[in-house]
Amino acid sequence: MILFISDLHLQEERPDITRAFLHFLEERAPGAQALYILGDFFEVWIGDDGMSDFQRSIAMALAKLAQSGTQVYLMHGNRDFLLGRAFCRLARCQLLKDPTVIELNGHRVLLSHGDAFCTHDHAYMRMRRWLRNPLSLMLLRNLPLAARQKLARKLRNESRAQTRLKAAEIVDVTPAEVLRAMRRHRVDTLIHGHTHRPAEHLLELDGRPARRIVLGDWDARGWALEADRNGLRLADFALT
């Protein structure tokens, strides 16, 4: 069994989500071959040097799962793209590039956080290109911690305000971009998060059946995609 989750947006202000995630690690994840976390694991990440006690406790919980034999993989999201090697060493997880292709039941599957497919949101895409530029990342990591904290608050507030004002089709993925990515990576299945719109979409790709599975965000409920030899199942569950 392999598990996929995303968009937990972990933060001390939401202890219900933290409790649900720790319960998930203790009750559902043990025995899994792998756990893939596809971005926005934390609500905000200003750099490994600014890791809080809360964030360290989450890393240790992941490390415990990894020590039990489950491989843990982590992908950057738009909220936590500064997650780095120090956190991954502490959590005993492997950082994945976005996108990444894996094999499930003999099929190639594309994994992504999903924000790169929202190409109709031109303002966001410009900001994303700047923030993900290696030079920009180097400059950000070398800013004083207080300056990064201030910038993170500003970006988070602006993102929330802009999302409320934008039309639904702008903040969702662009269908043509999804098909281009799937064609480029030679896959018929895409798994991603980011949009907070959990669903399985049946597609046609160059005359062949394909599908896009969107992971849900953890807010009112939790979401996980489970993969085994019988297929893929997207399910929600109560936060406990």
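The values are calculated or read from the model by the stated rules, or taken from the named source; none is laboratory data. Because the structure is a prediction, the values reported are computed rather than measured. Quick reminder, even Gly has a Cβ in these numbers, built from the backbone with ideal geometry, and neighbours come from all protein chains shown. Heads up: the accessible areas ignore ligands, DNA and RNA and are worked out on the full protein's heavy atoms, side chains in. Shrake-Rupley method; radii C 1.70, N 1.55, O 1.52, S 1.80 Å.
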Order 240, 119 by their accessible area, 1.4 angstrom probe, all chains in place, largest first. 240, 119
Using only the Cα atoms of the stretch 46-110, each taken as one equal point scatterer with no solvent, compute I(q) by the Debye sum, divide by I(0), and report log10 of the ratio at q = 0.14, 0.18, 0.20 Å⁻¹. -0.47, -0.72, -0.84
Set Lys and Arg Cβ to +1 and Asp and Glu Cβ to -1, take the dipole of the chain about its Cα centre, and tell me which of 74, 32, 50 lies farthest positive. 50
I want the antiparallel fraction of DSSP beta bridges within the chain, as a percent rounded to 5. 50
On a 1.4 Å probe surface of the protein chains, which of 154, 97, 64 comes out largest in accessible area, and what is the full order? 97, 64, 154
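Give me the number: length gained by fully extending residue 22 to residue 137, i.e. 0.36 nm times residue separation minus the C-alpha to C-alpha distance, one decimal in nm.
Going from the current span to full extension adds 38.3 nm.
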One finds, for residue 13 and residue 64 with R0 = 25 angstrom and r their Cβ-Cβ distance, a FRET efficiency to the nearest 0.05 of 0.55
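Let me check I've understood the local charge: for residue 204, count other residues with C-beta under 15 angstrom from its C-beta, Lys and Arg +1, Asp and Glu -1. What total comes out?
In short, +2.
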Rg and Dmax in Å for the chain, alpha carbons only: what are they? 17.4, 53
Could you report the accessible area of residue 151 in Å², rounded to 10, computed with a 1.4 Å probe on the protein chains as they sit in the structure? 50
With every protein chain kept in place and a 1.4 Å probe, the chain has an accessible area per residue in Å² of 51
Got a sec to turn the phi values of the stretch 192-208 into Karplus ³J(HN,Hα) couplings, 6.51 cos²θ - 1.76 cosθ + 1.60 with θ = phi - 60°, whole Hz, x for Gly and Pro? 8, x, 6, 7, 6, 10, x, 4, 10, 9, 8, 10, 10, 10, 6, x, 10
Roughly speaking, to the nearest percent, how much of the chain's 1.4 Å accessible area is carbon and sulfur? 52
Per-residue ellipticity at 222 nm for the chain, helices alone: DSSP H runs ≥ 4 residues times -39500 (n - 2.57), over residue total, nearest 500 deg cm²/dmol? -11500 deg cm²/dmol
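Quick one: compute the contact order of the chain, relative version, from alpha carbon pairs under 8 angstrom and 6+ residues apart, as a percent.
Rounded, it is 23 percent for the chain.
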Please give the contour-minus-distance gain from residue 177 to residue 145: 0.36 nm per residue of separation, less the Cα-Cα distance, rounded to one decimal in nm. 7.9 nm
With the label point 7 Å along the Cα-to-beta-carbon line of residue 54 and a cut-off under 15 Å to each amide N, the hits in the stretch 78-98 are 80
Spacing of the two label points (7 Å from each Cα toward its C-beta) at residue 123 and residue 185, in nm: 2.9
Debye, to nearest 20: dipole size of the chain, +1 on Lys, Arg Cβ, -1 on Asp, Glu Cβ: 760
Quick one: order 12, 177 from most to least accessible surface, probe 1.4 Å. 12, 177
